[in-house]
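To start, the structure under review is shown below, and the notes come after it.
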Amino acid sequence: MNPRQDIYAELGARSIINAKGTATRLGGIPLRPEVREAMARAAEASIDMVQLQARASAIIAEATGAESGLVTSGAAAGLLLAAAACMAGLDPAAMNRLPDTCGLKNRVIMIKSQRNGYDHAIRTAGARIIEIGLADHIAGAGIRSADPWEIEAAIDERTAAFLWVAKSAPELELETVTAIAKPWGLPVIVDAAAQLPPAANLRRFIEAGADLVAFSGGKALGGPQASGILCGRRDLIMSAALQMLDQDIAFDEYEPPTQFIDKTLLKGLPSHGIGRPCKAGKEEIVGLLTALRLFTGESDAIRHGRWRSRLEPLAEAIAGAELIERGPVPGVVVTIGPAAPEMAARLRRHRPPIHVDTSEARHGRLFLSPLGLREEDLPLIIDAFATLEC
Ligand SMILES: *Cc1c(COP(=O)(O)O)cnc(C)c1O
């Protein structure tokens with residue numbers, strides 16, 4: 001057990017050793033001391049949230065090259081707000097109507113093989129997803145995913161946006177999608193939740209013509225678990241902000257910074273919007289901005305080196321372990337054989353429980369991620385692998 005009794009134990013709950021990585025179901029990763037301290041300081045005073053979000057917007061704009069930005073409660077919240085912004089625009093009556101999209105553009109085009117559990121957030125706003133392409137390369141029964149011509153063929157007067165999910169080998173390049181969407185005035189939303197690092201990705205999707213980009217704050221960016229970034233076009237971020245921020249204020253008392261929310265473009269204020277249940281607190285906003293500053297202040301190489309050195313003791317001490325590069329975050333693979341799923345189960349039943357990445361357990365391998373590991377976890381993990389060997 002950790003030398004210090006943790007707060008979860010005080011509540012009668014049990015914390016875990018997180019060798020799995022940024023998984024939300026495990027509460028994400030422990031935060032760096034600077035982020036924790038910033039959040040505690042944010043809790044010391046109240047602040048007008050539209051003023052705070054306007055400052056966040058300027059900081060996010062600088063880091064991403066986007067016109068504007070918003071701190072959300074996560075990338076999924078960012079997707080919901082993005083869809084809401086593309087459907088309602090700056091019309092407060094339309095904002096009030098969501099998720100009822102009667103009379104609004106409400107279709108969001110996606111490549112069929114990019115469909116995933118998080119696109120539920122798009123549908124939560126009231127949008128309907130229109131799939132293009134055929135995922136027969138996934139079935140192993142063909143070569144197709146989606147072709148560029150299919151995007152244009154799917155666009156009609158009801159189309160509100162195109163959602164593109166960022167990954168290392170995409171079905172269609174973002175530049176191809178934005179080039180087709182632009183002449184139609186069709187906004188392109190990018191789900192870039194897990195695309196940091198590399199830090200260059202903060203700017204890459206905006207540079208490729210995306211209108212809105214959603215990042216997770218609680219993944220490798222190192223921010224609070226319930227935080228994220230939505231950045232992009234000023235008018236769309238303004239719409240997203242209006243649909244998330246609390247609106248219990250009379251229009252004539254409302255004085256948002258013009259750069260962030262230009263009041264002269266509004267005929268009135270909407271009431272609490274579709275995004276109100278995904279509010280970001282002042283502590284999360286300050287924590288996220290602190291994590292963003294730390295992230296952009298460190299090179300990818302130095303960050304990578306820090307993660308590798310966290311893993312080295314594990315790779316040396318655990319039987320069958322090897323330090324590997326897979327994607328931007330290094331890992332340790334432990335080759336166990338057919339008993340790998342059973343070993344993972346024993347690690348979870350260990351005291352304290354140890355959670356590892358079991359995505360390839362069926363193939364005899366367990367992965368350890370450095371993202372959630374603390375120095376004091378290492379000897380406990382090494383000891384557990386030695387004693388639980390099966
Ligand atoms: C993690 C993830 C999300 C959700 O991010 P949150 O910040 O937890 O809301 C959305 N899309 C993709 C592709 C993800 O990997």
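The values are calculated or read from the model by the stated rules, or taken from the named source; none is laboratory data. Because the structure is a prediction, the values reported are computed rather than measured. In this analysis, Cβ positions are derived from the backbone assuming ideal geometry, glycine residues included, and neighbour counts consider all displayed protein chains. Ligands, DNA and RNA are stripped out before the accessible areas are found, and what is left, the full protein with its side chains, is counted by its heavy atoms. Shrake-Rupley method; radii C 1.70, N 1.55, O 1.52, S 1.80 Å.
With respect to the conditions (1) open to solvent by 10 Å² or more (accessible area, probe 1.4 Å); (2) more than 29 Å from ALA83 (Cβ to Cβ), LEU265 falls short on a single one, namely (2). Filtering the stretch 122-149 to residues that are closer than 20 Å to SER271 by Cβ and either surrounded by fewer than 15 Cβ atoms within 10 Å (Cβ to Cβ) or of a type in the set (Val, Ile, Thr) (or both) leaves only THR124.
Of the residues that make up the stretch 293-312, is at least one open to solvent by 50 Å² or more (accessible area, probe 1.4 Å), touching an Asp or Glu at 6+ places or on another chain (Cβ under 9 Å) and part of a strand (DSSP E or B)? Looking for residues that are open to solvent by 50 Å² or more (accessible area, probe 1.4 Å), touching an Asp or Glu at 6+ places or on another chain (Cβ under 9 Å) and part of a strand (DSSP E or B), one finds none in the stretch 293-312, hence no.
Just one of the numbered conditions (1) in contact (Cβ under 8 Å) with a residue 40 or more places away in the chain; (2) in contact with an Asp or Glu (Cβ under 7 Å, 6 or more places away or on another chain) is not true of THR124: (2).
Residue pairs, Cβ under 9 Å, 6 or more apart or interchain, first in the stretch 187-209 and free of Cβ contacts under 8 Å to residues at least 12 places away in the same chain, second surrounded by fewer than 22 Cβ atoms within 10 Å (Cβ to Cβ) and in a loop (DSSP other than H, G, I, E, B). List them. These pairs meet every condition: ARG204/ALA166; ARG204/PRO198. Residues in the stretch 18-73 that are of a type in the set (Ser, Thr, Tyr) and either within 27 Å of GLN247 (Cβ to Cβ) or open to solvent by 40 Å² or more (accessible area, probe 1.4 Å) (or both): THR24, SER46, SER57, THR64, SER68, THR72, SER73. Hey, could you check the stretch 91-121 for residues that are charged (D, E, K, R) and surrounded by fewer than 17 Cβ atoms within 10 Å (Cβ to Cβ) and say which is nearest to the ligand (Cβ to nearest atom)? Residue satisfying both the conditions and the ranking: ARG115.
Being touching a residue at least 24 places away in the same chain (Cβ under 8 Å) and under 22 Å from the mean Cα position of the chain (by Cα) holds for only one residue in LYS20, LYS105, and it is LYS20. Applying the selection to the stretch 327-338, what residues are in contact with an Asp or Glu (Cβ under 9 Å, 6 or more places away or on another chain), surrounded by fewer than 20 Cβ atoms within 10 Å (Cβ to Cβ) and not hydrophobic (A, V, I, L, M, F, W, C)? Within the stretch 327-338, PRO328, THR335 meet the criteria. Answer yes or no: is there a residue in the stretch 160-174 that is away from the ligand (no atom under 16 Å from the Cβ) and of a type in the set (Lys, Arg). No, the stretch 160-174 has no match at all. Taken across the stretch 41-58, residues that are at positive phi and not aliphatic (A, V, I, L, M) do not occur at all. Scanning the stretch 299-344 for residues that are touching a residue at least 12 places away in the same chain (Cβ under 8 Å), farther than 24 Å from GLY222 by Cβ and either in contact with a Lys or Arg (Cβ under 8 Å, 6 or more places away or on another chain) or not hydrophobic (A, V, I, L, M, F, W, C) (or both) turns up GLY320, GLU322, VAL334, THR335, ILE336, GLY337, PRO338, ALA340, PRO341, GLU342. Just one of the listed residues (ALA77, ALA85) is within 16 Å of the ligand (Cβ to nearest atom) and surrounded by 23 or more Cβ atoms within 10 Å (Cβ to Cβ), and it is ALA77. Just one of the numbered conditions (1) modelled with pLDDT of 95 or more; (2) of a type outside the set (Asp, Glu); (3) open to solvent by 60 Å² or more (accessible area, probe 1.4 Å) is not true of PRO198: (3).
Condition first: closer than 25 Å to ARG32 by Cα and either assigned to a helix (DSSP H, G or I) or open to solvent by less than 10 Å² (accessible area, probe 1.4 Å) (or both). Can you find one or more residues in the stretch 316-326 that meet it? Within the stretch 316-326 (the criterion being closer than 25 Å to ARG32 by Cα and either assigned to a helix (DSSP H, G or I) or open to solvent by less than 10 Å² (accessible area, probe 1.4 Å) (or both)), the answer is no, since none of the residues qualifies.
Take the residues of the stretch 202-237 that are open to solvent by 20 Å² or more (accessible area, probe 1.4 Å) and more than 13 Å from the ligand (Cβ to nearest atom): which is nearest to GLY89 (Cα to Cα)? Residue satisfying both the conditions and the ranking: ASP235.
With respect to ILE138, determine if the residue is in contact with an Asp or Glu (Cβ under 6 Å, 6 or more places away or on another chain) and either closer than 23 Å to ALA192 by Cα or touching a residue at least 40 places away in the same chain (Cβ under 8 Å) (or both). Spelling it out, it is not the case that ILE138 is in contact with an Asp or Glu (Cβ under 6 Å, 6 or more places away or on another chain) and either closer than 23 Å to ALA192 by Cα or touching a residue at least 40 places away in the same chain (Cβ under 8 Å) (or both).
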